[in-house]
Amino acid sequence: MNLTGKTALVTGASRGIGKAIALELARLGADVAVNFAGSEQKAKEVADEIQSMGRRSFIVQCDISDSDAVSAMVKETVEQFGRLDILVNNAGITRDNLLMRMKEQEWDDVIDTNLKGVFLCTKAVTRQMMKQRSGRIINISSVVGRIGNAGQANYTAAKAGVIGLTKASARELAPRGITVNAIAPGFIATDMTDELPAEAKEQLLTQIPLGALGETADIAASAAFLASDGAKYITGQVLGVDGGMAM
Amino acid sequence: MADVLERVTKIIVDRLGVEESQINLDAKFKEDLGADSLDVVELVMELEDEFDMEISDDDAENITTVGDAVTYINSKN
C-alpha cells in the first residue's frame, strides 16, 4: 500500500488508536495533521515522529464538538497541505455508568464528542473533498455499537449512531467520489480501555473468539487499507476488527 | 448585472452540462436545469469561489433560480 502524496487529518491522534493510525498513514507516505484536545505534548511527539519519516505534519488543538473550532481546524489543514484526501474520525471519550445512574451530562458529553463531533468533522471536510471529487472518510465506531455493552449506554448509542452516519454520508457523497466507511474495533489495549473496570474487562475477554485483546496496530492496518486505492470500491461498510466478537 | 449573469451562466453550463439557451433568470436549478440537491450545494460553492464571497447556509437555501443567484450576488457586491 502506498499513500505517497496523500494528506490526512486524524482526530484524537495524540495517543491510542488515533496515534497508531496517524503513524501508519505517515509510514505509507501520507502527510498527517495531528488533532488533539488536551495532550499537546503527546501530540507533538506524534507529529515529530511523522516529520522524522520525512512527511509533513503539524498539531492542531480542537474540541471536535465545537463547530467553529472544527471549521478552523479543517481550514488550517487545507491551507497547510493544499488538499485533504483522508479524514479519520477517531477522537472519542468515555463516561461509563450504569443506565440508571448515568447523569444527563455524561450522556451529553459522549454524544457531543463521539457522534456530533464525527458529523461536524465530516461536514467540514465535505466541501474540500467534493471539489477534489475524491476523498476517504474513515469513522472509528466500536463493536459495542453493534452488540451493545452494559454500563456504556451513552458510548454504545454514540458508536451505533456513527454507523448510521457512516451509511448516510456514504450514500450522499458517493456521487462525488468520496467513500465513507467505519471500523468497529473490539477490545483494543489503549489508555481508554485501561480505565475500564477489571470486572468488565474480564467479562469482555470471555466474549472474544480469538481470545486476546486487539492491538492499536490492528486498527491502523485496517484504516490504512480503507484509505488506500485498493479500497476504492468500498463505501458505507462497517469493518469489524474485534477478534470475532461481532459476526 | 450582465457580467454577473454571464459568469453565473458559465458556471451553471460547466457544472450541470446544460445548454446556455436553457438558462434565464427564471430557470429553477432543480426543476428546469436538472440539478439534484448536491448539485445545488456545489453550484453555491462555486459561486462563492467565483465571486469571492461566503454564502451562509440560510441564504443558500433561498437560492433556487438563476435570478436568485444573480440578485444575491449583486446585493453583496
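The values are calculated or read from the model by the stated rules, or taken from the named source; none is laboratory data. On a predicted model such as this, the values are computed, not experimentally measured, just so you know. Counting neighbours? That spans all protein chains shown, and the Cβs are built from the backbone with ideal geometry, glycine included. The area values use the complete protein model at the heavy-atom level, side chains included, leaving out ligands, DNA and RNA. Shrake-Rupley method; radii C 1.70, N 1.55, O 1.52, S 1.80 Å.
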Placing each pseudo-label 7 Å from Cα in the direction of the beta carbon, residue B:58 and residue A:174 end up separated by a distance in nanometres of 3.5 nm
For the pair A and B, the solvent-accessible area buried on both sides (1.4 Å probe; DNA, RNA and ligands excluded), in Å² to the nearest hundred, is 700 Å²
At R0 = 25 Å the Cβ-Cβ FRET efficiency linking residue B:75 and residue B:32, nearest 0.05, sits at 0.65
Given unit charges at Cβ for Lys, Arg (+) and Asp, Glu (-), the dipole magnitude of the stretch A:7-240 about its Cα centre in debye, nearest 20, is 1020 debye
The answer for the stretch A:157-247, accessible area per residue at 1.4 Å probe in Å², is 49 Å²
Taking max minus min of the Cα coordinates of the stretch A:7-240 on each principal axis, largest first, gives extents in Å of 47, 37, 34
Per the 1/(1 + (r/R0)^6) rule, R0 = 41 Å and r from the Cβ atoms of residue A:232 and residue A:101, FRET efficiency to 0.05 is 0.35
Longest principal axis of chain A (C-alpha) makes with the long axis of helix A:16-27 (C-alpha) an angle, in degrees to the nearest 10, of 30 degrees
Going residue by residue through the stretch A:231-247, the Karplus relation 6.51 cos²θ - 1.76 cosθ + 1.60 with θ = phi - 60° gives ³J(HN,Hα) values, rounded to whole Hz and with x marking Gly or Pro, of 9, 5, 9, 10, 8, x, 9, 10, 9, x, 10, 9, x, x, 4, 10, 10
Cβ-Cβ cut-off under 12 Å around residue B:36, Lys and Arg +1, Asp and Glu -1: the net charge is -1
Residues from the stretch A:128-177 losing no less than 10 square angstrom of accessible surface in the full protein assembly compared with the chain alone, 1.4 angstrom probe, ligands and nucleic acids excluded, are A:130, A:131, A:133, A:172, A:176
Ordering A:1, A:245 by the accessible surface of their heavy atoms, 1.4 Å probe, largest first, yields A:1, A:245
Result for the stretch A:25-71: accessible area per residue, probe 1.4 angstrom, in square angstrom, of 46 Å²
If R0 = 25 Å, then residue B:50 and residue A:80, at their Cβ-Cβ distance, give a FRET efficiency to the nearest 0.05 of 0.55
Whole-percent carbon and sulfur contribution to the accessible surface of chain B (1.4 Å, no ligands, DNA or RNA) stands at 43 percent
With bins of 5 Å, the percent of all Cα-Cα pairs of the stretch A:66-108 per bin from 0 is 5, 17, 18, 16, 12, 10, 10, 8, 4, 1
Kirkwood calc, the stretch A:7-127, C-alpha pairs only, radius in angstrom 14.5 Å
Rounded to two decimals, the Debye log10 I(q)/I(0) of the stretch A:64-155 (Cα scatterers, no solvent) at q = 0.17, 0.24 Å⁻¹ is -0.75, -1.15
For residue A:10, the residues 5 or more places away or on another chain with a placed amide H closer than 5 Å to its own amide H are A:33, A:35, A:88
One finds the C-alpha centres of the stretch B:14-77 and the stretch A:61-92 to be spaced, in Å, by 27 Å
Among A:126, A:175, A:52, the residue whose Cα sits farthest towards the positive end of the charge dipole of the stretch A:7-240, when +1 is placed on the Cβ of each Lys and Arg and -1 on the Cβ of each Asp and Glu, is A:175
For residue A:238, the residues 5 or more places away or on another chain with a placed amide H closer than 5 Å to its own amide H are A:182
Taking every alpha carbon pair in the stretch B:16-77 and sorting the distances into 10 angstrom bins from 0 up to the bin holding the longest one, the percent per bin comes out as 22, 60, 19
Judged on accessible area alone, 1.4 Å probe, highest first, A:55, A:136 line up as A:55, A:136
Subtracting the Cα-Cα distance of residue A:67 and residue A:246 from 0.36 nm times their residue separation yields 61.1 nm
The Rg/Rh figure for the stretch A:141-233, Cα atoms and Kirkwood Rh, to two decimals is 1.02
Taking Cα atoms only, helix A:117-132 is inclined relative to the longest principal axis of chain A by an angle, in degrees rounded to 10, of 20 degrees
Counting only protein heavy atoms with a 1.4 Å probe and every protein chain in place, the carbon and sulfur fraction of the accessible surface of the stretch A:1-130 in whole percent equals 47 percent
